[in-house]
Amino acid sequence: MPERSFMHDHPILFETRGDVAWLTLNRPDTRNALSGEEMFSTFEQYFERLNDDMNVRTAELALTGDTIRADQALCIGLVSRVVAPVNLHDEALALANRIAAKPPEALRWTKRLLQEARDTTLDEALKSAARFQGLAHHTADHAKAMAAFFEKRVPVFGPRGRGHV
């Protein structure tokens, strides 16, 4: 990502340096205080810009047919990790087991939120996440997690139905 900055007169400054995006509060007159609405609105603008940048890079690869090395895919965020072929099965199984150990209801809600987030604004996605968070506090999985926390042990959640998680 080339170095650039924009929106110097906004309450939050945005700048990229290499592949790192910097957000800096720019409200010295209020000691950098921001209202919730102002903050979310500004952050949403920047996240949309970063998402657009990622979409452009992804589209460039898809449209040109260019190939990239695994370390390049990791650097631009196209993949979340790079694993040696000899370790692929073990790494994939470890990740699947980490996910499977999480509360089933929370996993279903998280998957739903991720699907909905593709077609909504940041504000709407945050509101949906807050609703699900409120509901999660009333589940059996939450009670199990809290009991495990206070007993200083790892929580064990119930069996999962086929195809649910």
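The values are calculated or read from the model by the stated rules, or taken from the named source; none is laboratory data. It should be emphasised that the depicted structure is a prediction, and the values quoted were computed from it without experimental measurement. Heads up, the Cβs are rebuilt from the backbone with ideal geometry, glycines too, and the neighbour counts pull from every protein chain shown. SASA here: full protein model, heavy atoms, side chains in, ligands and nucleic acids out. Shrake-Rupley method; radii C 1.70, N 1.55, O 1.52, S 1.80 Å.
A few remarks follow.
- Residue count for region 81-98 satisfying the condition of being within 15 Å of ALA70 (Cα to Cα) and under 20 Å from the mean Cα position of the chain (by Cα): 2.
- Test result for THR24, at pLDDT below 75 and either loosely packed, with under 13 Cβ neighbours inside 10 Å or under 25 Å from THR121 (Cβ atoms) (or both): no
- Taking the listed residues GLU60, GLU37, the one that is of a type in the set (D, E, K, R), within 22 Å of THR120 (Cα to Cα) and modelled with pLDDT under 75 is GLU37, with no other qualifying.
- Odd one out for ASN32, checked against (1) modelled with pLDDT of 70 or more; (2) open to solvent by 80 Å² or more (accessible area, probe 1.4 Å): (2)
- Every residue from region 2-21 that is within 16 Å of ILE76 (Cβ to Cβ) and either in contact with a Leu (Cβ under 9 Å, 6 or more places away or on another chain) or modelled with pLDDT of 75 or more (or both): THR16, ALA21
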